[in-house]
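Inspection log for the structure reproduced underneath, given as structure tokens.
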Amino acid sequence: MKISVVIPLFNKEQYIERCLKSIQAQTYQNFEIIVIDDGSTDQGAELVRALGLSKLRLISQPNGGVSKARNHGIDKANGEWIAFIDADDYWKPDFLLEMINLIEKFPYVSLCCSAYSFKSRAGVKLARICVPGEGKYRLIDNYFYSTCRGNLPVTASSVVIKKVVLETIGGFPVGWKMGEDIFVWIYISISYQLAICMKNLAVYDESDSGSATKVNQVLEVLPHVKSLEEWIRSGQVSSKQVRDAKELVHRSYIFTALQNLKLGKKKESRRIIQSDGVRFGLHYIAVLLLSLLPSKLLCWLFRESN
């Protein structure tokens, strides 16, 4: 079974070689690599060419964002399954092999992923993955349950998805600054079956201070949360998942309200918690009380909590 590995590349010259070498070192070798250079201004693309990897295609496009790059890779992929990995992350040698094992164990799944770890200047820390079950191969029957009780069970560097499913849902939404990948995981989770290998097989590198998750501030509720709200209203989320889906929406609003408070935006914070997606309870009361504090005291509290 051939897997197409799609890597969006934008100004990651210091990481891309490590990423590619981790793919070349896979114990499962039936794959192709598609690097989409999204208008990089550094030497990343030149480094890719210099490696001269036989299974690799380097495709250049004008800068259009990570979703456009991933979608371009999906379009050019020859594999039945597509694996994604960001240029600054890397895999353990058995990642692809274990994805194949998952597919063979659960032939009806459309998305497979693995447990992963976070790498920072302080060291490496295992992600907290909450998926009920026994053994290393498990079905993710409720994505929202797992997301509300730990780190995201699926990331853009620890996932393999059926190409036909990605084409059916229209790929990754273009133009979003954040959450475009989570939109895809949620979309697939409400319509298809997910599975996970609980072995730590991917490393998410947080050391790049220029990454989108560090640069972009979440001051408005992200589009994938709005999409989830609409899917809940329209009945697309199953009765088994709807309670946890609403919990995820609630937590997203609370998180966004707190991000506004950190910047002293008290009116904006109060506006956000008045939304229908927020339940009245301890979270609501805590944010409301914080928004009534003097700005200097509020800034001191958040500074002390960091």
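The values are calculated or read from the model by the stated rules, or taken from the named source; none is laboratory data. Since the model is a prediction, treat every value here as computed from it, not as a measurement. Here the Cβ is made from the backbone with ideal geometry for all residues, glycine too, and neighbour counts use every protein chain on show. Just the protein is used for accessible areas: all its heavy atoms, side chains included, with ligands, DNA and RNA removed. Shrake-Rupley method; radii C 1.70, N 1.55, O 1.52, S 1.80 Å.
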Self-check item: Cross-chain or 6+ apart pairs with Cβ under 6 Å, the range 174-190 first and part of a helix (DSSP H, G or I), then of a type in the set (Val, Ile, Thr) and open to solvent by less than 60 Å² (accessible area, probe 1.4 Å)
Solution: Trp185/Val154; Tyr187/Ile169
Quiz item: Of (1) over 12 Å from Glu220 (Cα atoms); (2) surrounded by 15 or more Cβ atoms within 10 Å (Cβ to Cβ), Trp300 satisfies all except one. Which?
Solution: (2)
Self-check item: Members of the range 1-19 that are of a type in the set (D, E, K, R), open to solvent by 60 Å² or more (accessible area, probe 1.4 Å) and closer than 15 Å to Arg49 by Cα
Solution: Glu13, Glu17, Arg18
Quiz item: Does any residue in the range 286-306 that is under 15 Å from Ile273 (Cβ atoms) come within less than 6 Å, Cβ to Cβ, of a residue that is surrounded by 14 or more Cβ atoms within 10 Å (Cβ to Cβ) six or more places away or on a different chain, and which pairs are these?
Solution: Val287/Ala257; Val287/Ile273; Leu290/Leu261; Ser291/Lys266; Ser291/Ser269; Ser291/Arg270
Quiz item: Lys246 is checked against (1) surrounded by fewer than 15 Cβ atoms within 10 Å (Cβ to Cβ); (2) under 27 Å from Pro153 (Cβ atoms); (3) touching a residue at least 12 places away in the same chain (Cβ under 8 Å) and fails just one. What number does that condition carry?
Solution: (1)
Quiz item: Mind checking which pairs have a first residue in the range 137-165 that is within 17 Å of Ser252 (Cα to Cα) and a second that is of a type in the set (Gly, Ala, Ser) and assigned to a strand (DSSP E or B), Cβ under 7 Å, 6 or more apart or different chains?
Solution: none
Quiz item: Say we look at the range 48-95 and pick out the residues that are under 18 Å from the mean Cα position of the chain (by Cα) and of a type in the set (Val, Ile, Thr); which of these is surrounded by the most Cβ atoms within 10 Å (Cβ to Cβ)?
Solution: Ile85
Practice problem: Provide a single number: the residues in the range 184-217 that are at pLDDT 95 or above and open to solvent by less than 30 Å² (accessible area, probe 1.4 Å). | Solution: 14
Quiz item: Among the residues of the range 269-285 satisfying the criterion of being in contact (Cβ under 8 Å) with a residue 24 or more places away in the chain and surrounded by 18 or more Cβ atoms within 10 Å (Cβ to Cβ), which is nearest to Gln217 (Cα to Cα)?
Solution: Ile272
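Go through the range 96-166 and tell me which strands (runs of 3 or more DSSP E), entirely inside it, have 2 or more residues that are surrounded by fewer than 22 Cβ atoms within 10 Å (Cβ to Cβ).
On the way: elements: 111-120, 123-126, 137-140, 159-162.
Of the strands (runs of 3 or more DSSP E) lying wholly inside the range 96-166, those with at least 2 residues that are surrounded by fewer than 22 Cβ atoms within 10 Å (Cβ to Cβ) span 111-120, 123-126, 137-140.
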